[in-house]
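Have a look at the structure below, then the notes.
The values are calculated or read from the model by the stated rules, or taken from the named source; none is laboratory data. On a predicted model such as this, the values are computed, not experimentally measured, just so you know. Backbone-built Cβ (ideal geometry, glycine too); neighbour counts: all protein chains shown.
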Amino acid sequence: MKRLCLVLAALAATAAAQNLSLERITSYPFPNELAAAPTGSRLAWAVNQSGVRNIYVAEGPSFTPRKLTNYPDDDGQELTSVSLSKDGKYVVYVRGGDHGGNHDRGATVNPTFSTTPPKLQVWSVGFSAGSEPKLLGEGDDPEISPDGSTVAFLKGGQAFAAAIDGSSKAPRALFTTRGSVSELQWSPTGAALSFTANRGDHSFIGVYREGGPIVWLAPGFHRDRSPRWSPDSTRIAFVRTAGEGGAPAPMLVPKLRPWSIWTASALDGSGAKQIRNSPATPRGSLPGSEGGTNLHWAAQGRIVFLSYEDGWPHLYSIPENGGQATLLTPGPFMAESIRLSPDGRTLLFQGNTGPDKLDADRRHVVRVAVDRPGIEVFTPGEGIEAEPILTGDGTTVAFLSATPSRPAVLAVKPSAGGPVQVTGAGLAAGVPWNQLITPRQVIFQASDGVTVHGQLFEKSGGDSSRKPALLYIHGGPQRQMLLGWSYMDYYANAYAVNQYLASRGFVVLSVNYRLGIGYGYDFHYPPASGAAGASEYLDVKAAGEWLARQPQVDPARIGVFGGSYGGYLTAMALAKDSKLFAAGADVHGVHDWSVGMSQPTDRFERIPDFDQAVATAFKSSPVAWVSGWKSPVLFIHGDDDRNVNFNQSINLIQRLEPAGVPLETMVVVDDTHHFMRHANQLRVDEAIAEFLERKLQPQSAGSR
């Protein structure tokens with residue numbers, strides 16, 4: 001009888017594994033845009049459930065999720081800029097666009113081929129059940145006034161406003177100014193609106209008041225941005241960097257980007273002064289797009305900012321009138337997704353730190369006071385906690401909670417301490433949690449001694465024969481794959497695909513190569529990387545060689561795949577090391593860094609190392625190594641890609657075809673870099689899996 005039970009259990013486990021389809025494992029609900037009302041305990045966020053995107057809300061003390069909108073289709077229209085009015089009566093959001101794009105982020109996306117293309121629109125909806133969304137107007141980047149009556153937003157680079165209840169017949173233009181307006185922010189009193197006016201080679205901070213002329217704050221020959229109001233609405237802090245100009249700088253020498261923090265009177269622009277100047281070092285330069293300065297005007301007369309100056313992206317604060325900067329978050333970890341508490345006294349962020357040595361490859365909620373060092377890891381453990389926010393009443397910290405076997409859902413924890421309450425797990429009930437693998441951390445060294453982290457996905461049990469292996473390479477490159485489900489939608493999908501491929505018998509290694517975040521400045525900004533030498537490829541090759549050395553891996557059946565920057569490195573792997581990588585799938589990768597590089601034509605001066613930089617960029621590209629490319633490859637690209645030009649794939653394909661390289665292709669018409677339709681993302685995932693199985697384990701490809 002015992003033997004029979006064991007046999008039945010084994011059969012049941014086999015059947016369960018066979019039911020782990022890509023469709024099931026990618027049907028999870030992905031939450032993002034978590035927001036809290038400035039008062040009370042109300043929350044709102046967006047959920048993408050198999051491409052059907054809707055707004056959800058919750059309220060204390062139970063924080064039970066409730067769907068607020070009823071958009072029914074997988075139509076590729078994302079929901080962004082979710083916010084609540086101060087009293088929590090209204091939720092405002094934007095529908096449409098591709099806000100993860102490098103350009104045309106607000107342009108319409110039409111992956112359903114509708115003859116009436118969708119529009120980028122600002123909407124509001126009442127928090128109470130049964131409320132119907134109201135269209136406020138075409139636009140983007142809404143900001144709700146402190147009294148909750150008005151929503152300011154951007155359209156065509158100018159500022160407009162509409163009543164939050166939808167009663168306006170049409171949005172009204174607030175003002176018109178030269179250049180493109182961005183970064184709208186109401187003063188705490190609601191009497192004024194600050195903004196940034198981009199004039200091309202320079203930008204200004206402006207303040208608008210009803211009926212009065214625009215006030216410009218210390219206009220100069222600079223780029224000013226990130227305006228932040230003082231709590232009493234009398235002054236504004238902002239970040240200043242150099243305007244465009246000066247002698248052409250060498251392209252192969254890292255350029256310093258010094259920056260400073262200024263304050264000025266919000267009433268008339270007077271009293272402008274510099275209160276902080278960055279160190280004149282590479283680490284002291286302005287942090288990149290992955291963090292920016294994260295400027296906050298906090299309580300207790302403190303201004304908080306993010307800097308890499310000690311080798312890690314850490315939070316600092318200075319007195320509002322200038323003085324010595326205080327490092328708030330010392331230690332070997334990063335701070336990201338930073339939020340200021342409603343009372344301005346505390347900062348919440350997600351960090352890769354905690355009591356466990358594996359926390360370097362996780363995220364936990366961390367908090368710190370704005371005026372003194374001393375962090376508290378608020379959610380220690382084996383999970384992934386991200387996007388923290390404090391409710392308006394200060395009683396509860398809300399965040400997105402994931403584990404190795406459960407995708408991100410809403411969770412809350414009393415700010416005074418207590419157990420974590422996972423309230424959104426019911427939305428992910430269809431995910432086969434019990435069939436998922438817990439990845440394990442692996443650490444190895446590249447040929448030049450750089451330490452590299454990765455996560456290994458491997459199904460336990462099975463026969464003792466050697467297995468095929470896959471190397472997954474993330475995009476970005478300023479990303480970090482984790483020991484659990486990612487808090488970013490693109491990489492949550494990648495995590496699901498890695499889980500699926502492992503369930504199909506592959507040994508899957510996800511590599512965190514240099515240029516990524518989470519391991520300090522020297523790892524994030526390595527020399528001779530990207531177009532300046534592709535040193536990060538050393539980590540990719542080391543990961544492939546690590547797989548080849550594992551006793552359970554067949555070194556003749558190692559594949560590679562990735563998207564975006566991961567697509568670029570996939571192509572580099574296949575071009576430079578086809579003997580190591582037997583097949584690969586390259587999704588919207590960069591293939592020729594030299595495309596678009598040009599000398600300025602309107603100046604006598606020329607870039608001093610231009611010819612060397614172009615030659616280096618070309619040599620750092622897959623197109624330079626086509627002669628060594630022997631392994632079969634699958635190319636996938638959406639032709640409305642706003643991050644990597646579609647021509648990058650055309651360019652490489654037209655080189656490989658005459659060389660006789662076996663290749664297959666898939667074009668996703670009218671979809672973007674982020675595959676806004678779930679149906680398209682699923683097709684891409686299935687194509688990758690089918691291709692890699694067919695090339696690396698043909699005996700099982702027909703049993704999918």
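Observations
- Apart from one condition, Ala280 fits all of (1) surrounded by fewer than 17 Cβ atoms within 10 Å (Cβ to Cβ); (2) without any contact (Cβ under 8 Å) to a residue 24 or more places away in the chain; the exception is (2).
- Of all positions in the stretch 223-230, at least one carries a residue that is touching a His at 6+ places or on another chain (Cβ under 8 Å) and either touching a residue at least 60 places away in the same chain (Cβ under 8 Å) or among the aromatic types (Phe, Trp, Tyr) (or both).
- Restricting the stretch 508-534 to residues that are aliphatic (A, V, I, L, M) and touching a strand residue (DSSP E or B) at 6+ places or on another chain (Cβ under 7 Å) leaves a set whose member that is farthest from Gln478 (Cα to Cα) is Val508.
- Hits in the stretch 635-667 - residues which are buried (at least 23 other Cβ atoms within 10 Å of the Cβ) and of a type in the set (A, V, I, L, M, F, W, C): Phe635, Ile636, Val644, Leu652
- From Ser145, Ser131, residue being surrounded by fewer than 21 Cβ atoms within 10 Å (Cβ to Cβ), more than 30 Å from Asp73 (Cβ to Cβ), among the hydroxyl-bearing types (Ser, Thr, Tyr) and touching a residue at least 40 places away in the same chain (Cβ under 8 Å): Ser145
- Being surrounded by fewer than 17 Cβ atoms within 10 Å (Cβ to Cβ), at pLDDT 95 or above and of a type in the set (A, V, I, L, M, F, W, C) is a condition met by no residue of the stretch 567-575.
- Residues that are part of a helix (DSSP H, G or I) and either surrounded by fewer than 23 Cβ atoms within 10 Å (Cβ to Cβ) or of a type in the set (S, T, N, Q) (or both), drawn from the stretch 501-532: Ala502, Ser503, Tyr521, Asp522, Phe523, Gly530, Ala531, Ala532
Rundown of residues vs (1) more than 22 Å from Val644 (Cα to Cα); (2) of a type in the set (A, V, I, L, M, F, W, C); (3) over 22 Å from the mean Cα position of the chain (by Cα); (4) surrounded by 21 or more Cβ atoms within 10 Å (Cβ to Cβ), yes/no style:
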residue: Trp45; (1), (2), (3), (4): yes, yes, no, yes
residue: Val57; (1), (2), (3), (4): yes, yes, yes, yes
residue: Asn70; (1), (2), (3), (4): yes, no, yes, no
residue: Asp87; (1), (2), (3), (4): yes, no, yes, no
residue: Val94; (1), (2), (3), (4): yes, yes, no, yes
residue: Gly100; (1), (2), (3), (4): no, no, no, no
residue: Thr116; (1), (2), (3), (4): yes, no, yes, no
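- Residues of the stretch 576-608 that turn out to be over 29 Å from Asp670 (Cα atoms) and in a loop (DSSP other than H, G, I, E, B), as a count: 17
- Pairs where the first residue, in the stretch 189-211, is within 23 Å of Gly148 (Cα to Cα) and modelled with pLDDT of 95 or more and the second is assigned to a strand (DSSP E or B) and of a type in the set (Asp, Glu), C-beta under 9 Å, 6+ apart: Leu193/Glu143; Ser194/Glu183; Phe195/Glu183; Thr196/Glu183; Thr196/Asp224
- Residue list for the stretch 148-183, filter: part of a strand (DSSP E or B) and either touching a residue at least 60 places away in the same chain (Cβ under 8 Å) or over 14 Å from Tyr208 (Cβ atoms) (or both): Val151, Lys155, Ala162, Ala163, Ser180
- Some residue of the stretch 345-354 being on the phi < 0 side of the Ramachandran plot and over 23 Å from the mean Cα position of the chain (by Cα): yes
- Residue in the stretch 299-321 that is surrounded by 15 or more Cβ atoms within 10 Å (Cβ to Cβ), in a loop (DSSP other than H, G, I, E, B) and touching a helix residue (DSSP H, G or I) at 6+ places or on another chain (Cβ under 6 Å) present: yes
- Taken over the stretch 236-246, the criterion of being surrounded by fewer than 20 Cβ atoms within 10 Å (Cβ to Cβ), of a type outside the set (S, T, N, Q) and in contact (Cβ under 8 Å) with a residue 12 or more places away in the chain is satisfied by Ala242, Gly243, Glu244, Gly245.
- Of all residues in the stretch 148-167 being surrounded by fewer than 18 Cβ atoms within 10 Å (Cβ to Cβ) and among the hydroxyl-bearing types (Ser, Thr, Tyr), the one that is nearest to Ser203 (Cα to Cα): Ser149
- When Ser317 is tested against (1) under 29 Å from Ser405 (Cα atoms); (2) touching a strand residue (DSSP E or B) at 6+ places or on another chain (Cβ under 7 Å); (3) among the polar types (S, T, N, Q), exactly one condition is not met: (1).
- The stretch 620-662 - residue that is in a loop (DSSP other than H, G, I, E, B) and hydrophobic (A, V, I, L, M, F, W, C) and, of those, nearest to Gly530 (Cα to Cα): Val644
- Answer residue from the stretch 618-671, given it is small (Gly, Ala, Ser) and in contact with a strand residue (DSSP E or B) (Cβ under 9 Å, 6 or more places away or on another chain) and is nearest to Ser594 (Cα to Cα) among those: Ser649
- Taken together, the residues in the stretch 400-458 that are in a strand (DSSP E or B) and either hydrophobic (A, V, I, L, M, F, W, C) or touching a Gly at 6+ places or on another chain (Cβ under 7 Å) (or both) amount to 14.
- Pairing residues of the stretch 610-630 that are over 15 Å from Leu652 (Cα atoms) with residues that are assigned to a helix (DSSP H, G or I) and β-branched (Val, Ile, Thr), at Cβ distances under 9 Å and at least 6 apart in sequence or on separate chains, gives no pairs at all.
- Residues within the stretch 671-699 that are of a type in the set (Asp, Glu) and crowded, with 19+ Cβ neighbours inside 10 Å, tallied: 3
- If only residues of the stretch 663-681 that are assigned to a helix (DSSP H, G or I) and either among the polar types (S, T, N, Q) or touching a Phe, Trp or Tyr at 6+ places or on another chain (Cβ under 9 Å) (or both) are counted, the one that is nearest to Ser27 (Cα to Cα) is Gln681.
- Residue selected from the stretch 459-475 under the condition more than 16 Å from Arg549 (Cβ to Cβ) and assigned to a strand (DSSP E or B), by the criterion farthest from the chain's Cα centre (by Cα): Tyr472
- Residue check, Asp611 buried (at least 17 other Cβ atoms within 10 Å of the Cβ) and either touching a Pro at 6+ places or on another chain (Cβ under 6 Å) or in a helix (DSSP H, G or I) (or both): no
- From Ser594, Ser535, residue being surrounded by fewer than 22 Cβ atoms within 10 Å (Cβ to Cβ), at pLDDT 95 or above and in contact with an Asp or Glu (Cβ under 8 Å, 6 or more places away or on another chain): Ser535
- The C-beta contact set for the stretch 528-548 (first residue under 14 Å from Pro622 (Cβ atoms) and without any contact (Cβ under 8 Å) to a residue 60 or more places away in the chain, second residue crowded, with 22+ Cβ neighbours inside 10 Å and among the charged types (D, E, K, R), distance under 6 angstrom, 6+ apart or interchain) comprises Glu536/Arg514.
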